[in-house]
1. If E201 satisfies every condition in (1) over 30 Å from A415 (Cα atoms); (2) more than 15 Å from the ligand (Cβ to nearest atom); (3) charged (D, E, K, R); (4) in contact (Cβ under 8 Å) with a residue 24 or more places away in the chain but one, which is the exception?
2. Restricting to the stretch 350-377, name every residue that is in a helix (DSSP H, G or I) and either within 16 Å of the ligand (Cβ to nearest atom) or open to solvent by 20 Å² or more (accessible area, probe 1.4 Å) (or both).
3. Which of the residues spanning the stretch 1-53 are over 23 Å from P455 (Cα atoms) and either touching a strand residue (DSSP E or B) at 6+ places or on another chain (Cβ under 8 Å) or among the basic types (K, R) (or both)?
4. Open to solvent by 60 Å² or more (accessible area, probe 1.4 Å) and in a helix (DSSP H, G or I): is that true of Q396 in this structure?
5. Have a look at A238, A223, A245 and point out the one that is within 16 Å of the ligand (Cβ to nearest atom) and of a type in the set (A, V, I, L, M).
6. Name, by its number, the condition in (1) open to solvent by 20 Å² or more (accessible area, probe 1.4 Å); (2) within 16 Å of the ligand (Cβ to nearest atom); (3) not basic (K, R) that does not hold for N228.
7. Report yes if some residue within the stretch 338-348 is surrounded by fewer than 20 Cβ atoms within 10 Å (Cβ to Cβ) and within 16 Å of the ligand (Cβ to nearest atom); otherwise report no.
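The values are calculated or read from the model by the stated rules, or taken from the named source; none is laboratory data. Worth saying up front: this structure is predicted, and the values here are computed from it rather than measured. Reconstructed Cβ throughout: ideal geometry from the backbone, glycine too, with neighbour counts over all protein chains shown. Surface accessibility is based on the protein's heavy atoms, side chains included, excluding ligands, DNA and RNA. Shrake-Rupley method; radii C 1.70, N 1.55, O 1.52, S 1.80 Å.
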Amino acid sequence: MDWQRRPRCDETAAWPLLKAHAGQAFHGPGAFDLRRAFDGDPARFERFSLDATPLRADLSKNLIDTEAQRLLTRLAHECGVEAHRDAMLRGERINTSEQRAATHVHWRWASNRPPALDGKAPAAIKTIENVVPEAAAIQAGMLAYAEAVRADAAITDVVNIGIGGSDLGPRMVVQALRAGGLADGPRVHFVSNMDGHALAELLPRLQARHTLFIVASKTFGTAETLRNARSARDWFMARGGTDVARHFVALSANEAAARAFGAGRCFAFDEGLGGRFSLWSPIGLAIAVAGGRAGFEALLAGARAMDGHFASAPLARNLPVQLALLDLWYRDFLACGSRCVTPYHHGLRRLPDYLQQLEMESNGKRVDLRGRPLAAASAPVTWGQAGSNGQHAFFQMLHQGSDVVPVEFVLVREAAHQLPGHHAKLLANALAQARALMLGQAGDAPERHFPGNRPSTVLLLPELSPHSLGALLALYEHRAFVLGSLWGIDSFDQWGVELGKRLAGEIEPALAGGEAGALDASTAGLLGWLRG
Ligand code: F6P
C-alpha cells in the first residue's frame, strides 16, 4: 500500500465492526468482565502476553477479548501501518506538514544496523545510510568529546540547558543511570524552565572554571533555553570565567546561531530529528557524559533491538503495534480520556514527564494529514508518577473514582541496590495494585466497595540497564508513531505550541511597562495586577 494514500482508522472496514463489537460486548448489561474472562480462559495470560526482548508485556488484564484484538489487528493492516512504518524506516518525508523525514531511528542506526533486519529488511531500507549520512561521524565526535569531558579533572559539573525534548529524555536517562550506579562521570545538572529560580538555585553550587554548560536546542531559538544560556554566560563571566568557547558547547540543528552565541563546539544534527525523539543524537551528550561511551552505545543497542522487533514482528505479535491498538481501543471505543503510567523504579520517576511530551505533543492533534477534522478522539492525557508514591496520592481515584483509567505498570525485575527487603516489597505492591484494580472487592458498606474490572498493563524490564531502557524508550516512540498513523495525523510536528510563544512575545513588553496594545479584558486586568 502507498503510505500516502492510507485510509485513516475510521475509514476502514474494521472500524464499524469494532464499534459494533464494543457496543455489544463492552457496554451495557453483561458487558465484558476481566474476572469472567480469566475464569473462562485459562490461557488468557499466555494469549495476551508478548515478548520483545529484552522486554516482556502482560496485556491480559486489559478490557479486551480475542475478537477485539483480531479486529484491531485487522484495522492496523487496513490502515497500512506496515507501509507507513517502512516509509519512516526508509527515511521518507513522513512529516508532511514540514516536509521532513523522521530521522530518530537513523541516528541509532548510524553505526550499527538492527541485527533483526540483517538479510530480511525491506529492500528500500538499504538506503538508510543515505538519510543522515553524517550521523555516524557526528555521533563518534560527540562520544569522543564526552569521554574527554569525563577524563578532564578540571570539569566537575556539567549543566544541560534545554527544554522539552532537549531536556526530558536526557534528564530521565541520566536519572536512570544514576539509580543503577552507572553514572560515574562529573555531576550532571539540568535546567529547563524559564523560571529563574531553577538556575538561581543551581549557580551558587558551581564554580565557573570547573563547569561545562551544554546548550541543547534544535532551533537555538527557544526562549527558555536562550534566556537560561545567556544568564549562565553572564554568571560565568562575572565569576572570572574567560573562555566561553571552552565552557559552552552547543547541540543544535542551527549551528550558525550556536556559534554566534559563543559556543566553541557545536554538535549539529538534521532538521528531521524531532525534539521529543532526539535523545539518541548529539542531544544525548549529557547521557554520554554521565554514563560514558559504553553506556550510550548500550542505550542505542537496546533501541535497535526494539527497532528490529518493530520492523519485523507480525502485527499480531508486534508490541508497539499492539500497545498502540490498545490505546486506540480505550480512547475511541471505550471513551477513556486519560492513561496512567506508573514506573515502579526510582530511576524512572521522570518517565511520565517524558511520555507526556512524546505522546501528547505527537498526537494531540485535531486534523489529519490532509487537513480534515479527525472523526475520532486523539491523544488522551498521559499522566502518572513513580510507584509506590502514586499509591498514596491518586490510586484512590483509580480504584474507586468515577472514571476508568487504564494503568501501565513499568516493573524492573532486578534492583541495582543491595538494601534488603525493599525490592520484593515494591514489586509485590505493584502486582497487588494491578490485581486489586482487576478483582475489586464487594464491600460491607458502599464506601468500601471496589468495583474492579479496571484495566492495567505490565511492562517488565529484566534490569534498569542502558540496554533495556533503550528498548523501552524505542518501544514508546514506535507506539506513539503507530497511534498517530492509525489516526492519520502527523505525529512529528507541533504547531500547537507556536501561538502561545508569539503572544508571550507581545505581552512581555507590556509587563515591563510598555504599550499593551489591544488585549482582552482578563489579560489586561491581570497585567494591571502584576504591574502592581
Ligand atoms: O515545545 C515545543 C518544542 O519545539 C518541542 O518540540 C521541543 O522539544 C522544545 O520546544 C525545545 O525546542 P528546541 O530544542 O528547539 O529548543
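1. (4)
2. D353, Y354, L355, Q356, Q357, L358, E359, M360, E361, S362, N363
3. Result: R5, R6, R8.
4. Yes.
5. A223
6. (1)
7. Scanning the stretch 338-348, I find no residue that is surrounded by fewer than 20 Cβ atoms within 10 Å (Cβ to Cβ) and within 16 Å of the ligand (Cβ to nearest atom), so the answer is no.
Yes/no per residue for (1) hydrophobic (A, V, I, L, M, F, W, C); (2) assigned to a helix (DSSP H, G or I); (3) modelled with pLDDT of 95 or more; (4) closer than 21 Å to A102 by Cβ:
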position: S231; (1), (2), (3), (4): no, yes, yes, no
position: A245; (1), (2), (3), (4): yes, yes, yes, no
position: A250; (1), (2), (3), (4): yes, no, yes, no
position: A257; (1), (2), (3), (4): yes, yes, yes, no
position: A286; (1), (2), (3), (4): yes, yes, yes, no
position: A290; (1), (2), (3), (4): yes, yes, yes, no
position: L300; (1), (2), (3), (4): yes, yes, yes, yes
position: M306; (1), (2), (3), (4): yes, yes, yes, yes
position: P320; (1), (2), (3), (4): no, yes, yes, yes
